[in-house]
1. Given contacts defined as C-alpha pairs under 8 Å and at least six residues apart, what's the relative contact order of segment B:49-128, whole-number percent?
2. How far is the Cα center of segment B:131-195 from the Cα center of segment B:258-337, in Å?
3. From the P(r) of segment B:160-202, can you give the percent of Cα pairs sitting at distances over 13 Å?
4. Based on C-alpha coordinates, I'd like the Rg and Dmax of chain B, in Å.
5. Using a 10 Å cut-off around each Cβ, can you sort B:C285, B:C171 from fewest to most neighbouring Cβ atoms?
6. How large is the Rg to Rh ratio of segment A:1-59 when both quantities use alpha carbon positions and Rh follows Kirkwood?
7. Which helices, counted as full DSSP H runs in chain A, have an axial Cα extent of no less than 18 Å and a Kyte-Doolittle average of 0.0 or above?
8. Explain nothing, just the number: relative contact order of chain A, from Cα pairs under 8 Å at least 6 residues apart, as a whole percent.
Amino acid sequence: MIQALVFYVFAAITVASGVMVISARNPVHAVLFLILAFFNSAGLFLLAGAEFLAMVLVVVYVGAVAVLFLFVVMMLDINFVKLREGFLQYLPIGALIGLILLVELALVYGSWSFAPEAPLSVATRVPDLAVVTNTDALGRLLFTDYFYLFQVAGLVLLVAMIGTILLTLRSRPGVKKQNIARQNARTKETSVELRKVPTRGGI
Amino acid sequence: MANLWTGYIWPTAITVAEIIAIIVPVLVGVAYLTYAERKVIGAMQLRKGPNTVGPFGLFQPLADGAKLFFKETIFPTNANRGVFLVAPALTFFLAMVAWAVVPFDEGWVLANINVGVLYLFAISSLGVYGIIMAGWASNSKYGFLGALRSAAQMVSYEVSIGFVMIAVLLCVGSLNLTDIVHAQAKGVWFIIPHLPLFIIFFISGLAETNRSPFDLPEGESELVAGYMVEYSSMIFAMFFLGEYANMILMSATITTLFLGGWLSPLPFAPFTWVPGIIWFVLKVCVILFGFLWVRATMPRYRYDQLMRLGWKVFLPFSLVWLVLTAGVLEFGGLLPK
């Protein structure tokens, strides 16, 4: 009973904050509601028994991705009234994408109930969760049966990282940067000079 | 009706009592950490520190608290009120909830969850929100600059903290904090094989808690008080409490990961008579003294040097050390079962 109650609390807050993300007038508020939605989804994961996923969701999405989101939204100086002018223009495309997503979700959910044997046909058996912990079970699957896919995911991330660096890297002339090695290599002899200053003469 | 009592009300009451039994000592610890800080820094700078209120100035934290309580709460014009109020509450709340998984002694833990380390990591990565929200909501340039600095700094140092944690976890084979201490009971404290990681973690902890020499988010010489500049009265006090509670929490994390938690330093008679909680508190106090000592000795870092240290020194080093640890464990046959 308590679990059901907690589930409805988490689910209701997730949906409500999801609605607020798209309806909030202030973009920073929208991002904050997005964070709330992430956080409550982590709560839903916890209720489903996926404790590792819940924590990783908080660490990765809330702790890193959303911080950068917030960072960017706070820094950008966008005229949001102007941005909203195109709302009706983009509405059909947005509605179409939303509809496709809805149909796909319905299909996925439907096939589970249409074909009760569907869960049995998955390629790998899940380790018995009564024996091993959640993290253990995930690790065993990832580093054995799905090892190559895991590596490929890593490679995709690497390519994305290199691409990002390449896109943002620019060398500007005239930037004063400290060369740490050179700074550390300086000695008293090369940097300080003691001069005798003659009176009224200067240097 | 009896079911309701034994099934719901009684366990809830016990949990609430446990929570109070953790939070009250933590808050008292926070109060006396501020006192200890002023005394220690005073001693290091040949001053006396607080010495007027009560014997040896011992009631100084209470006096400070009372002063803050009776101050007026000021909202800046054009501040975003909701976010402005939520930010300190969030900081304080996060600094408190993290204590749920800290094992104080054998079995003395509120929630002995399997992903304890990840939980601590997740909560500490949320800490940045209190600061960034405060800086943005107060609608002040100083506050905003402080918040941006803090966000970049905390995200950077979290990366090396994460790698250090993974290296320790490799030696344990579990994410449970109690298991980490048990693994150190069987072998040696992890500070011995992982001394460089301990140093990295300590320094990253300083950066993560925005302590000197990494206190750029509130660097008073250029940003007045950074993200806290517009806060007054009790909402300021909540930031203050949260920050110091985070310091104690970081020390408790270091104690658990590297210093063997509640274990006695030597596993035989006169040391094992002392209860584990005393050892735990003593170790936390030693680390905290390190925090204060650093504050009294080191000048503040320059911001580009801070970033360089995090990304170009700590990150590669902890990554290499992680690979090294994995290699030694694998080929030395030391992998935990």
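Every number in this text was worked out from the coordinates using simple rules, so none of it is lab data. Every value quoted in this text rests on a predicted model; they were computed, and no experiment measured them. Cβ atoms come from the backbone with ideal geometry, glycine included; neighbour counts cover every protein chain shown.
1. Details: 37 pairs, mean separation 14.4, N = 80.
Result for segment B:49-128 is 18 percent.
2. Taking the Cα centre of each part, segment B:131-195 and segment B:258-337 sit 11 Å apart.
3. Above the 13 Å cut-off, segment B:160-202 has 50 percent of its Cα pairs.
4. Rg then Dmax for chain B, in Å: 20.9, 65.
5. On the way: B:C285 16, B:C171 20.
Starting with the residue having the fewest Cβ neighbours, the order is B:C285, B:C171.
6. That ratio equals 1.04.
7. Numbers: long enough: A:2-23 (31 Å, 2.07); A:27-47 (30 Å, 2.04); A:87-114 (38 Å, 1.66); A:147-168 (32 Å, 2.20).
In chain A, the long hydrophobic H runs are A:2-23, A:27-47, A:87-114, A:147-168.
8. Details: 81 pairs, mean separation 24.9, N = 203.
About 12 percent, as a whole number.
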